[in-house]
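Student: What follows is a single structure, and I will ask about it in a moment.
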Amino acid sequence: MKSLLVEIKNCTICNEYLPLGPRPVVSANRNSKIVIIGQAPGLAVHNSGIPWDDKSGENLRDWMGIDKFSFYNSSNIAIIPMGFCYPGKGKSGDKPPMKQCAPQWHPKLLSAIKNPELILLIGKYAQDYYLGNNAKENLTKTVLSYQDYLPKYFVLPHPSPRNNIWQAKNDWFAKNVLPTLKHRVAKILNE
């Protein structure tokens, strides 16, 4: 695993498309119990080099019911984005993750993790990639059907503050989905 992570951190396959150059952000361990597959690092994460080191990360940790120590312990949590580098700004937020990363690195990373008990698919890019035709026609319907993907996958919207409006419109998410997520995470991490 160590040599694979070094190889990923030295990756330059998307160099020509990245406005700030490559700075792959990933965290994993052979013993990771939970795998988080998100979108791509934002600017703050690009600058710090620490995955989910922003308001979205605070929200995600709150959703999972865990503290920073547990979150950043790679024996607990592997953090594998769809795109490992900051893709730059788009019209209404960051650009989509680079499409080269997941096929290049995900199979190697996931096969190096011995036995992950849960994979969080955060946002539409991760859900479309991993669920394929099993994803519903939109993110809301996919998340509403989260139980269909258990026990392997737990589908979530992106925890960005930009999604507060979505959460307000879909109060079932906080009432039904998040308690289930917290329970599953606590059970896995306390085994």
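The values are calculated or read from the model by the stated rules, or taken from the named source; none is laboratory data. The model shown is predicted, which means the values in this text are computed figures rather than measured ones. For neighbour counting, all protein chains shown are included, and Cβ atoms are generated from backbone atoms with ideal geometry for every residue, glycine included. Heavy atoms of the whole protein, side chains included, go into the accessibility calculation; ligands, DNA and RNA do not. Shrake-Rupley method; radii C 1.70, N 1.55, O 1.52, S 1.80 Å.
Student: Sort the following peptides by mean Cβ neighbour count (other Cβ atoms within 10 Å, averaged over residues), highest first: 72-82, 96-106.
Tutor: 72-82, 96-106
Student: Classify region 80-137 as rounded, prolate or oblate from the Cα gyration tensor: take a ≥ b ≥ c as the square roots of its eigenvalues, call it rounded if a/c is under 1.5, otherwise prolate when a/b beats b/c and oblate if not.
Tutor: Since a/c reaches 1.5 but b/c is at least a/b, the shape of region 80-137 is classed as oblate.
Student: Going by a ≥ b ≥ c, the root eigenvalues of the Cα gyration tensor, does region 66-191 fall in the rounded group (a/c under 1.5), the prolate group (a/b larger than b/c) or the oblate group?
Tutor: rounded
Student: With 30 Å as the limit, write out which pairs from K91/K187; K9/K91; K2/K175; K95/K187; K108/K169 have Cα-Cα distances beyond it, or answer none.
Tutor: From the list (K91/K187; K9/K91; K2/K175; K95/K187; K108/K169), the Cα-Cα distance tops 30 Å for K91/K187; K2/K175; K95/K187; K108/K169.
Student: Using the structure shown, list the pairs from K114/K141; K89/K141; K114/K152 with a Cα-Cα distance above 21 Å, or answer none.
Tutor: K114/K141; K89/K141
Student: Looking only at the chain, where both bridge partners belong to it, what percent of the DSSP beta bridges are antiparallel (to the nearest 5)?
Tutor: Counting DSSP beta bridges with both partners in the chain, the antiparallel share is about 20 percent.
Student: For region 43-191, which whole percent of the accessible surface, found with a 1.4 angstrom probe, sits on carbon and sulfur atoms?
Tutor: Carbon-and-sulfur percentage of accessible area, whole number: 51.
Student: Might you report the magnitude of the Cβ-based charge dipole of region 61-179 about its Cα centre, with Lys and Arg at +1 and Asp and Glu at -1, to the nearest 20 debye?
Tutor: Magnitude of the dipole: close to 320 debye.
Student: Per the Kirkwood definition applied to all pairs of different Cα atoms, how many angstroms is the hydrodynamic radius of region 1-135?
Tutor: Evaluated over region 1-135, this radius sits at 15.0 Å.
Student: So what is the accessible area of the chain per residue, in Å², with the probe set to 1.4 Å?
Tutor: On a per-residue basis, the chain sits at 51 Å².
Student: Taking the dipole about the Cα centre of region 77-191, with the C-beta of Lys and Arg at +1 and of Asp and Glu at -1, give me whichever of S111, G90, H183 is farthest to the positive side.
Tutor: So the residue we want is G90.
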